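> Dumping the structure here so I can ask a few things about it.
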Amino acid sequence: MQSPQLGLERIADFFLPPGGSVSGIKTQRLFALLLIGMGFFGSLLCIIDLFIGVLPVALFCASLAIGCPIYLYLFRNGYGTASKLIVHLHVLGVILGITSIYSEHVFAWAFLIPLALSSMIVFNAHEKSFSVFVILACIVSLPLYLLFHNDEDHVKLIDSSIHIYWIINLSGSLLFSLYIVFTVIRLNQSILEELKAKNDENARQNKIMLGSIRTRDKLLSMMSHDIRGDIGKTIGVVDVIEQMSLSQEDQANLLHSLKIDATKTLETLDNMLQWTRTQQDELNIKQEAYEVDRLISMLLSNNDYALSSKNIIVHLDIPGKLRIWADTNMIDSVFRNLLGNAIKFTPIGGIISITATPNEHDITFCIQDSGVGMNQEQIDNILKGVQFTTRGTNREKGRGFGMVLVSEFLTKHKSTLHIESTLGKGTRFTFKLPTPPTN
């Protein structure tokens, strides 16, 4: 349940100058609340004193009621230090003035101490000299008052009815002091709560950052090892071609193998670059109308050798003239990684089906294979964006973050990857992409 004070805090926020830290804003809010409370109590006591006929005290209270809006205006417009100093000196003058009228020194003692404490709270670290000045003024003012004040020149309030008037003003001032104490306690608690929340958020961000650093280090280590291996393999094949007499057919096969390895290495580097950019929030989505037929045609053409080498049959169920509203680079990467994953884990002579089902505002795509399938832990890792890799049915290597890109790119298109898989029977990937807007 929220405290009723929260409503006053929202009012106080209207008078805060822009900027500031959590604790700085809370201190400023405290000062604004003190001014609001002082204006309210000043107006109330002014009415009471006018009613009971104590005009001088009513004038002092009226000066507080009138001054508070002025000080709030100065405070909101960047004159915070001047506003704080003038307010404290104004209140000091009112305390001494009312003390002089009633000739009751206890009044001054009762409120000079809270005034000094107030200056210690509302002045920030850069304004401590003003706080010291106000405290010294409070300490020196009462002895000076006692030194120069002559009680014989003033009527002592011994009449019981008049003494009640003094009690009324003192009670009102005490209530205002309680309001100050309550406000300080409430805001102090709020500061602690916000700082705790900020610390918890920082701890969460640090945990995420450490996780990202570990992932990056693992990725760089893996990429360094794998790419060095691919380049070493390429150099070895080139040496064989240069040093051995090979038939044109053997040379063609070796060159074709080199092309496949170079293509896969290039795709790996492209995936790594795009993954890195997604981690740094530098990859913005640029949607445009994209023909599904063209997308699938390019996809199959680029994977023709991989499909034919494993004698995989591809079944297509895609109506003509379908278009999606998507970022072409991202969606190319999504389909490329999903089909590549299906080819990798489908055995020789297996089947891969690609279907597209148009809906009212989107198209449901499904890529299904007859491969080795996945267990629930592997499915959960893909959906959580955890990087992992396993060998394919022909011992094909993978880098482990292609599926991470698929999930992240689909998320940018406000879509979700759904996975159904049975070990030994295959895997089914399903997701939706929007169609172009009608306007």
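> For Leu322, what residues show an amide H to amide H distance below 5 Å, using hydrogens built from the backbone and excluding near sequence neighbours?
It is Val292, Asp293, by chain and number.
> Going by how many other Cβ atoms sit within 10 Å of their own, how do Ser129, Ser83 line up, fewest first? Provide the component values of the computation, followed by the final result.
Working: Ser129 8, Ser83 22.
Listed from fewest to most nearby Cβ atoms, that is Ser129, Ser83.
> Using 0.36 nm per residue of separation minus the Cα-Cα distance, give me the extension gain between Phe133 and Lys198 in nm, one decimal. Don't jump to the answer; show the numbers that get you there.
Working: separation 65, 0.36 × 65 = 23.40 nm, distance 3.44 nm.
So the chain would gain 20.0 nm between Phe133 and Lys198.
> Work through the residues other than Asn359 whose Cβ is under 14 Å from its Cβ and net out their charges, Lys, Arg +1 and Asp, Glu -1.
Spelling it out: positives minus negatives among the neighbours equals 0.
> For a protection proxy built on the mean count of beta-carbon atoms within 10 angstrom, sort 306-315, 422-431, 88-97 highest first, please.
Working: 306-315: 14.4, 422-431: 16.7, 88-97: 19.1.
Ranked by mean Cβ neighbours within 10 Å, highest first: 88-97, 422-431, 306-315.
> Can you work out the FRET efficiency for the pair Ile348 and Ala289, with r the C-beta to C-beta distance and R0 = 45 Å, to the nearest 0.05?
Working: r = 38 Å, r/R0 = 0.85.
E between Ile348 and Ala289, to the nearest 0.05, is 0.75.
> Taking θ as phi - 60°, what are the ³J(HN,Hα) couplings along the range 66-76 by the Karplus curve (6.51, -1.76, 1.60), each to the nearest whole Hz, with x for Gly and Pro?
6, x, 4, x, 5, 5, 5, 5, 4, 5, 5
> Still on this model: What pairs in Lys286/Lys310; Lys196/Lys414; Lys286/Lys321; Lys259/Lys310; Lys286/Lys344; Lys310/Lys412 have C-alpha atoms more than 27 Å from each other?
Values: Lys286/Lys310 36 Å; Lys196/Lys414 33 Å; Lys286/Lys321 22 Å; Lys259/Lys310 17 Å; Lys286/Lys344 30 Å; Lys310/Lys412 33 Å.
Where the Cα-Cα span goes over 27 Å, the pairs concerned are Lys286/Lys310; Lys196/Lys414; Lys286/Lys344; Lys310/Lys412.
> With +1 on each Lys and Arg Cβ and -1 on each Asp and Glu Cβ, how big is the dipole of the range 284-434 about its Cα centre, in debye rounded to the nearest 20?
Numbers: 17 positive and 15 negative charges, 78 e Å.
About 380 debye.
> Fewest to most neighbouring Cβ within 10 Å: what's the order for Asp200, Asp270? Walk me through the numbers on the way to the answer.
Values: Asp200 10, Asp270 14.
Listed from fewest to most nearby Cβ atoms, that is Asp200, Asp270.
> For labels at Leu423 and His126 in the simple 7 Å Cα→Cβ model, what's the distance in nm?
My value for the distance between the label points is 6.5 nm.
> Could you list Leu117, Leu255, Leu339 in order of exposure, starting from the residue whose Cβ has the fewest other Cβ atoms within 10 Å? Mind showing how you got there, number by number?
Details: Leu117 16, Leu255 13, Leu339 23.
Starting with the residue having the fewest Cβ neighbours, the order is Leu255, Leu117, Leu339.
Each reported figure results from applying straightforward, stated rules to the coordinates on display, with no laboratory input. The model shown is predicted, which means the values in this text are computed figures rather than measured ones. Glycine also receives a Cβ, built like all others from the backbone with ideal geometry; neighbour counts cover every protein chain displayed.
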